[in-house]
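Peer 1: After the structure tokens below, expect a handful of questions from me.
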Number of protein chains: 2
Amino acid sequence: MTRIDTKRRGQIQQAPENFLTQDAIADLNKNGMDDTRRGFMRNGFMAALGGAVGLGASMNALASSEGDPAILEKQVWQTTLGKNVATMPYGTPSIYEANLIRRESPGLTRVSAASVAFTPLQGLFGIITPNGLHFERQHQGWYNIDPEMHRLMVNGLVKHNRVFTMNDLMRLPSVSRIHFIECGANTGLEWGNVAVPTVQYTHGMLSCCEFTGVPLSVLLDECGADLKKGKYLLAEGGDGSGMTRTVNLDDVLNDAIVAWGMNGEMLRPENGFPLRLVVPGVQGVSWVKWLRRLEVGDMPYATKDEAVHYNDLMPDGLARQYTSIQECKSVITTPSGGQQLLDKGFYNVSGLAWSGRGKVKRVDVSFDGGNNWKTARLETPVLTKALTRFNIDWVWDGSPAILQSRAIDETGYVQPPIKLLRDARGTRSIYHNNAIQSWKVDSNGEVSNVQVG
Amino acid sequence: MTRIDTKRRGQIQQAPENFLTQDAIADLNKNGMDDTRRGFMRNGFMAALGGAVGLGASMNALASSEGDPAILEKQVWQTTLGKNVATMPYGTPSIYEANLIRRESPGLTRVSAASVAFTPLQGLFGIITPNGLHFERQHQGWYNIDPEMHRLMVNGLVKHNRVFTMNDLMRLPSVSRIHFIECGANTGLEWGNVAVPTVQYTHGMLSCCEFTGVPLSVLLDECGADLKKGKYLLAEGGDGSGMTRTVNLDDVLNDAIVAWGMNGEMLRPENGFPLRLVVPGVQGVSWVKWLRRLEVGDMPYATKDEAVHYNDLMPDGLARQYTSIQECKSVITTPSGGQQLLDKGFYNVSGLAWSGRGKVKRVDVSFDGGNNWKTARLETPVLTKALTRFNIDWVWDGSPAILQSRAIDETGYVQPPIKLLRDARGTRSIYHNNAIQSWKVDSNGEVSNVQVG
């Protein structure tokens with residue numbers, strides 16, 4: 001019978017120290033250790049079948065399961081008394097899921113307090129990112145701020161400068177909405193010729209949660225903000241880096257939230273507890289964590305993190321600045337780089353699509369490197385500026401294949417191939433790479449990252 | 001300045017051993033210890049104001065925050081290096097949230113392996129229940145089942161009896177959908193005259209998650225189920241209790257899921273890892289955990305847990321059986337029993353509504369025990385058979401008040417007052433109490449559970 005490789009699931013794999021050197025990439029491609037779905041891919045139930053088969057035929061292979069002791073015999077969990085309720089007053093995942101964790105890329109930065117921990121997209125389902133796996137990008141480490149001591153100041157072009165406690169804020173009218181957050185540097189290494197081996201590292205600075213808080217518009221209104229003159233907002237964080245960003249109010253006034261809730265509970269410390277600015281559609285760096293100040297102004301502030309960082313270096317050496325909206329994008333998460341298919345036959349191919357400009361309208365999937373496209377099923381609800389899960393049937397015939405997904409949003413924008421993006425914006429940028437991702441399936445079933453078209 | 005009572009937040013409070021005796025209830029009402037929002041309610045920012053005020057006026061009270069050292073002076077987290085990324089490869093809540101946990105009610109059962117741990121609704125936001133706080137109801141304890149050894153058998157009125165591994169199942173076409181799950185016994189003690197003190201214990205056998213798995217209809221189709229004769233499904237669990245339930249296929253065939261995913265990751269062990277039956281709209285006991293067998297049949301099975309338990313004892317001594325759909329219901333979660341308001345002025349009143357028959361159409365809120373009703377705002381998305389979050393503004397004038405919410409679903413069904421339910425179904429049942437919940441606010445601001453109308 002077929003098996004989930006539970007030993008592999010349970011194994012904690014450290015990211016290699018020399019990650020993102022070419023040797024390390026070759027090694028990761030070979031071993032694909034951080035893929036919890038790998039066992040699932042490797043041991044399909046169609047090993048006995050030859051040629052291309054559909055779902056119906058594949059089921060017949062299950063005749064081999066007759067006589068399986070795992071179903072015929074009583075298992076220990078059917079004959080013993082289990083654990084008590086509230087053994088974990090705050091629960092944790094199964095021990096068999098210990099491999100599905102956030103991972104750092106030691107090759108990317110020298111100091112872990114100014115680094116990234118990526119979300120393991122290859123092992124996730126649906127659109128909600130569990131809080132324990134939400135990606136982190138820290139500029140000077142994270143801190144467990146005492147909410148009793150936290151304050152939010154609102155100043156600038158307002159009638160009343162005000163200072164709010166958490167207590168003050170949480171009595172105000174609140175809203176709850178599901179939105180994605182993506183770091184502007186997500187997929188950044190793919191601008192060059194670095195084919196990062198797994199989707200955790202290519203696209204894992206991406207999460208989607210239900211956020212709760214007071215609408216920014218309500219807060220500004222109550223402070224008497226002058227929104228005729230005041231077109232910009234300065235958002236300042238309370239950590240050591242004092243992360244400070246200009247937000248264009250035209251982009252966010254309709255849906256920005258000064259948020260304390262994330263997926264039903266308070267924000268996690270590494271994601272800004274107790275207060276974070278939620279600016280749907282805008283790159284993650286502007287979702288300022290440990291939010292301590294909002295200033296309304298009439299021009300952009302040109303802070304360090306928008307003058308020196310987070311701008312797009314163009315081929316002519318100049319840089320695009322204030323390019324904060326995350327354009328329409330998608331990626332296949334299963335199967336993806338580092339995973340392996342050993343059997344021909346039926347697969348559910350699954351992925352994520354999103355747009356900083358609204359709803360995803362359609363996702364097409366190609367199995368032949370972009371020559372032919374089929375429209376995928378979108379899971380509901382399809383929400384504005386939120387992840388959308390897509391699924392599509394695929395029968396693998398054992399030949400080499402190149403899998404791609406291409407998202408189209410409600411504005412009509414079509415996710416571009418990497419070649420088009422490079423033609424326009426060169427190869428030296430880090431930010432805002434929303435190119436079509438290609439995963440190559442070799443005839444031996446190995447899946448790897450390739451840069452096509 | 002006003003404060004969140006962080007010491008109270010951080011304090012872990014054990015449920016009293018004698019919970020649900022009258023003394024214990026009186027004591028809990030008095031102390032309200034398990035309310036993490038209590039500090040927030042107690043210390044409003046309008047202490048200095050007299051009379052009824054709206055949001056705008058209340059803001060002016062913040063002038064007192066001028067000169068606050070918490071905003072004027074640099075805090076330690078602004079001047080030190082924080083913690084590294086991936087300090088927690090799987091994250092956990094802030095230490096300041098340690099009070100927001102699942103709680104057992106020792107008074108309810110003698111054996112913790114056959115008991116309940118309730119979700120702390122009074123401290124949650126939005127509609128998604130974080131997996132760490134999903135309620136648990138165990139019949140013989142929970143077990144961390146090795147997914148490699150788990151099997152699902154499909155038999156009965158099918159052309160092909162089949163046994164699936166997890167590996168087999170996870171290759172099939174999958175869907176992801178957000179649904180609530182509520183135990184049929186939720187709010188069960190309120191049938192009598194027991195006014196359970198907090199919303200965690202009155203309504204906390206309620207959660208809402210995004211579930212991922214193969215549609216039941218796909219699985220049955222592939223096994224060649226005879227759905228003309230086969231109108232019932234027997235679902236059998238793999239734990240020691242062998243929980244076995246009849247499911248009416250007419251109720252669930254459109255949207256039931258054989259699920260492995262919950263909020264993006266694998267199910268938690270206490271919620272059925274690696275496989276659970278998701279039957280939207282149906283009471284929680286039928287969402288069989290550690291699902292090991294599905295049998296298609298042409299009549300109900302009258303298992304122990306539907307003959308002896310989980311039926312509705314009526315005033316005439318007979319019992320309603322197979323009443324599995326959870327009717328339309330709602331509850332105000334903030335403010336709720338055990339919380340306390342010390343200040344007059346503006347409050348965001350927030351709660352949850354749901355229906356096992358479809359979408360919530362409207363929620364009305366009364367502040368005077370049902371004499372007058374106002375329509376609340378519903379947060380989006382409003383999804384079928386999912387929790388819906390509602391919010392409504394309230395200015396408390398300091399007089400005693402009785403807060404109620406009343407939900408109406410898309411079928412036109414209106415959530416009934418407790419008196420109507422008792423007139424029809426008596427006071428000796430445990431199950432399917434969907435009555436309007438009343439919270440009394442005393443003139444001293446104490447909030448308690450009262451049974452009105």
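Peer 1: Once the other residues with Cβ under 13 Å from the Cβ of B:PRO269 are scored (Lys, Arg +1; Asp, Glu -1), what is the net sum?
Peer 2: Neighbourhood net charge equals -2.
Peer 1: Using +1 on the beta carbon of Lys and Arg, -1 on that of Asp and Glu, and nothing else charged, what's the dipole of region B:105-230 about the Cα centre, debye to 20?
Peer 2: Dipole magnitude for region B:105-230 comes out near 280 debye.
Peer 1: A further question on this structure: With point charges of +1 on the Cβ of Lys and Arg and -1 on the Cβ of Asp and Glu, referenced to the Cα centre of region B:119-234, which listed residue (B:HIS150, B:ASN186, B:ASN161) lies farthest in the positive direction of the dipole?
Peer 2: It is B:ASN161, whose Cα lies furthest towards the positive end.
Peer 1: Could you size up the charge dipole of chain B around its Cα centre, putting +1 on the beta carbon of Lys and Arg and -1 on that of Asp and Glu, and report it in debye to the nearest 20?
Peer 2: 260
Peer 1: Using a 1.4 Å probe on protein heavy atoms, which residues of region B:239-266 have at least 20 Å² less accessible area in the complex than alone?
Peer 2: B:GLY240, B:ASN263, B:GLY264, B:GLU265, B:MET266
Peer 1: Could you tally the net charge around A:GLY156, taking each other residue with its Cβ under 13 Å from the Cβ of A:GLY156, Lys/Arg +1 and Asp/Glu -1?
Peer 2: Counting the neighbours of A:GLY156, the net charge comes to +1.
Peer 1: Could you tell me the center-to-center distance, by alpha carbons, between region A:189-204 and region B:308-331 in angstrom?
Peer 2: 55
Peer 1: Sticking with this one: What residue of chain B has the nearest C-beta to the axis that moves B onto A, and what is that distance in Å, given as a whole number?
Peer 2: B:PRO381, 2
Peer 1: Which ³J(HN,Hα) values, rounded to whole Hz and listed in residue order, are derived for region B:379-396 from phi using the Karplus coefficients 6.51, -1.76 and 1.60 in 6.51 cos²θ - 1.76 cosθ + 1.60 with θ = phi - 60°, glycine and proline given as x?
Peer 2: 6, 9, x, 8, 10, 5, 6, 10, 5, 10, 8, 10, 9, 8, 6, 8, 10, 7
Peer 1: Right, another one. Tell me: how much accessible area in total is hidden between B and A, 1.4 Å probe, Å², nearest 100?
Peer 2: About 11400 Å² of accessible surface is lost on pairing.
Peer 1: I'd like to know which of B:VAL308, A:PRO173, A:VAL414 lies farthest towards the positive end of the charge dipole of the protein assembly as shown, counting +1 on Cβ of Lys and Arg and -1 on Cβ of Asp and Glu.
Peer 2: Value computed over the given set: A:VAL414.
Peer 1: Ratio to report: Rg/Rh of region B:229-358, with Cα atoms as the point set and Rh obtained by the Kirkwood method; give two decimals.
Peer 2: Checking Rg against Rh, the ratio lands at 1.08.
Peer 1: Do the sum for the protein assembly as shown: with -39,500 (n - 2.57) for every DSSP H run of n ≥ 4, divided by all residues, what is the mean residue ellipticity at 222 nm, to the nearest 500 deg cm²/dmol?
Peer 2: Using -39500 (n - 2.57) per qualifying helix, the result is -3000 deg cm²/dmol.
Peer 1: Relative to 2.2 N^0.38 Å, what does the C-alpha radius of gyration of region B:291-384 come to as a ratio? Two decimals please.
Peer 2: Rg over 2.2 N^0.38 Å, computed on Cα atoms: 1.60.
Peer 1: Sticking with this structure for a sec: Could you give the size of the charge dipole of region A:263-415 about its Cα centre, using +1 on the Cβ of each K and R and -1 on the Cβ of each D and E, expressed in debye and rounded to the nearest 20?
Peer 2: 360
Peer 1: Note every residue of region A:362-386 with a reduction of at least 10 square angstrom in accessible area, all protein chains present versus the isolated chain, computed with a 1.4 Å probe, or write none.
Peer 2: Residues passing the criterion (a loss of at least 10 Å², heavy atoms only) are A:ARG377, A:GLU379, A:THR380, A:PRO381, A:LEU383.
Peer 1: Let me ask something additional. Please grab the % of Cα pairs in chain A that end up more than 39 Å from each other.
Peer 2: In whole percent, the long-distance tail amounts to 25.
Peer 1: Roughly how crowded by other chains is peptide B:116-127, in terms of the mean Cβ count from those chains within 10 Å of each of its Cβ atoms?
Peer 2: The per-residue average across the peptide is 5.
Peer 1: Hey, another quick one. Stretch B:THR380-B:ASN254 to full length: gain in nm at 0.36 nm per residue minus the Cα-Cα span?
Peer 2: Extra length from B:THR380 to B:ASN254 when fully extended: 43.0 nm.
Peer 1: Okay, moving on. Taking 0.36 nm per residue of sequence separation and subtracting the Cα-Cα distance, how much length would be gained by fully extending the chain between A:LEU342 and A:ARG428, in nm to one decimal?
Peer 2: Stretched out fully, the A:LEU342 to A:ARG428 stretch lengthens by 27.2 nm.
Peer 1: Compute the signed sum of charges (Lys and Arg +1, Asp and Glu -1) over the other residues within less than 15 Å, Cβ to Cβ, of A:ALA407.
Peer 2: Spelling it out: positives minus negatives among the neighbours equals +4.
Peer 1: As a test of the definition: which semi-axes, in Å, follow for region B:330-422 when you take the square root of five times each eigenvalue of its alpha carbon gyration tensor? Largest first, please.
Peer 2: The equivalent ellipsoid of region B:330-422 has semi-axes of 24, 15, 11 Å.
Peer 1: If you don't mind, another one. What is the projected area of the convex hull of the Cα atoms of region B:232-275, averaged over all directions, in nm²?
Peer 2: Over every viewing direction, the Cα hull of region B:232-275 projects on average to 3.5 nm².
Peer 1: Still on this model: At q = 0.15, 0.17, 0.18, 0.22 Å⁻¹, what log₁₀ I(q)/I(0) does a Debye calculation on the Cα points of region B:179-223 give, no solvent, two decimals?
Peer 2: The Cα Debye sum returns log10 ratios of -0.56, -0.62, -0.65, -0.77.
Peer 1: Considering only protein heavy atoms, what per residue accessible area in square angstrom results for the protein assembly as shown with a 1.4 angstrom probe?
Peer 2: With the other protein chains kept in place, the protein assembly as shown gives 33 Å² per residue.
Peer 1: In region B:357-385, which residues have a backbone nitrogen under 18 Å from the label point lying 7 Å from B:TYR413's Cα in the Cα-to-Cβ direction?
Peer 2: B:357-364, B:383-385
Peer 1: Along Cα-to-Cβ, 7 Å out, sits the label point; list in nm, shortest first, how far the one on A:ARG320 is from those in the other copies.
Peer 2: Here the equivalent label points are 6.0 nm apart from this one.
Peer 1: Using a 1.4 Å probe and counting only protein heavy atoms, arrange A:LYS385, B:LYS440 so the residue with the most accessible area comes first.
Peer 2: Correct descending sequence by accessible area is B:LYS440, A:LYS385.
Peer 1: Sort shortest first the distances from A:ASN372 to its counterpart in every other copy, using label points 7 Å along the Cα-to-beta-carbon line, and give them in nm.
Peer 2: Shortest to longest, the spacings are 6.7 nm.
Peer 1: Give me the distance in nm between label points sitting 7 Å out from Cα along the Cα-to-Cβ direction at B:ASN193 and A:ALA302, one decimal.
Peer 2: Result: 7.6 nm between the two label points.
Peer 1: Right, another one. Against the longest principal axis of chain B, how steep is helix B:22-31, in degrees 0 to 90 to the nearest 10, with axes from Cα atoms?
Peer 2: Taking the Cα atoms of chain B, the angle to B:22-31 is about 50 degrees.
Peer 1: Please say if region B:379-443 is rounded, prolate or oblate, where rounded means a/c under 1.5 for a ≥ b ≥ c the square roots of the C-alpha gyration tensor eigenvalues, and otherwise the choice is prolate for a/b larger than b/c and oblate otherwise?
Peer 2: Because a/c hits 1.5 or more and a/b fails to exceed b/c, region B:379-443 counts as oblate.
Peer 1: Rg and Dmax of region A:184-292, Cα atoms, in Å?
Peer 2: 15.6, 50
Peer 1: Name the residue from B:ASN84, B:GLN437, B:GLN339 whose Cα lies farthest towards the positive end of the charge dipole of the protein assembly as shown, charges +1 on Cβ of Lys and Arg and -1 on Cβ of Asp and Glu.
Peer 2: In the protein assembly as shown, that residue is B:GLN437.
Peer 1: In vacuum, with every alpha carbon of the protein assembly as shown counted as one equal point scatterer, what does the Debye formula give for log10 I(q)/I(0) at q = 0.08, 0.09 Å⁻¹? Two decimals, please.
Peer 2: -0.72, -0.92
Peer 1: I've got another one for you. Under a crude label model (7 Å from the Cα following the beta-carbon direction), how far is A:SER399 from B:TRP373 in nanometres?
Peer 2: 6.3
Peer 1: Cα-Cα over 21 Å: which of A:LYS359/B:LYS361; B:LYS289/B:LYS385; A:LYS74/B:LYS159; A:LYS289/B:LYS83?
Peer 2: A:LYS359/B:LYS361; A:LYS74/B:LYS159
Peer 1: Right, next: Just flag the trypsin sites (Lys or Arg not before Pro) in region B:124-225 sitting in loop per DSSP whose Cβ has no more than 12 other Cβ atoms within 10 Å.
Peer 2: B:LYS159
Peer 1: In nm to one decimal, list the spacings between the A:ASP442 label point and its equivalents in the other copies, with label points set 7 Å along Cα to Cβ, shortest first.
Peer 2: 7.4
Peer 1: Okay, next question. Show the residues, 5+ positions off or on another chain, whose built amide H is closer than 5 Å to the amide H of A:GLY398.
Peer 2: Residues meeting the amide H criterion: A:GLY345.
Peer 1: Would you work out what percent of the accessible area of region B:272-413, with all protein chains in place, is carbon or sulfur (probe 1.4 Å)?
Peer 2: Summing carbon and sulfur atoms, their accessible area is 51 percent of the total for region B:272-413.
The values are calculated or read from the model by the stated rules, or taken from the named source; none is laboratory data. Because the structure is predicted, anything quoted here is derived from the model rather than measured. Note that each Cβ is placed from the backbone with ideal geometry, even for glycine, and that neighbours are counted across all protein chains shown. Side chains are part of the model used for accessible areas, which takes the heavy atoms of the whole protein and leaves out ligands, DNA and RNA. Shrake-Rupley method; radii C 1.70, N 1.55, O 1.52, S 1.80 Å.
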